[in-house]
Amino acid sequence: MLSRHLQSKHNMASAESQPRFGQSVKGLLSDKVGSCSGDVIALTRQVLKGSRSQELLGQAARNMVIQEDAILHSEDSLRKMSIITTHLQYQQEAIQKNVEHSKNLQDQLRHLLK
């Protein structure tokens, strides 16, 4: 009889502790799920930031290529302008020589016509 009474008390204690145990497990599980959800959200934000960073880096690289092309084009234009400037200087010198030569010819013609 005593063993039945002890067994009955044990069964009651087990029955009472099971809901508490089940509730605490559910609570812990709920907390863990909430924590994991928060971690997933944080991870998603970080991935999106990384994706945005990659996008910005890609855009910066494309802009740099465009700028490099513009710089190369400008250098080419400056080289061509330098060549043109040199040719214009030669032409100016030639014109000045021709003007001096024509003045000499005019002086000779005046001298001959006198």
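The values are calculated or read from the model by the stated rules, or taken from the named source; none is laboratory data. Since this is a predicted model, take the numbers as computed values, not measurements. Cβ sites come from the backbone with ideal geometry, for glycine too, and all protein chains shown count toward neighbours. Just the protein is used for accessible areas: all its heavy atoms, side chains included, with ligands, DNA and RNA removed. Shrake-Rupley method; radii C 1.70, N 1.55, O 1.52, S 1.80 Å.
Some observations on this one:
- Note on segment 42-86: dipole from Cβ charges, positive end direction compared against Ala60, Ile83, Leu48; the farthest Cα belongs to Leu48.
- A cut-off under 15 angstrom between Cβ atoms defines the neighbours of Val99, and their net charge, with Lys, Arg +1 and Asp, Glu -1, is -1.
- In Å², nearest 10: area of Ser37 left accessible to a 1.4 Å probe: 60
- For segment 22-114, the carbon plus sulfur part of the accessible surface works out to 62%, probe radius 1.4 Å.
- Per-residue SASA remark: Ile41, around 90 Å² accessible (1.4 Å probe; ligands, DNA and RNA not included).
- The residues of segment 33-114 have, on average, 93 Å² of accessible surface per residue, using a 1.4 Å probe with all protein chains present.
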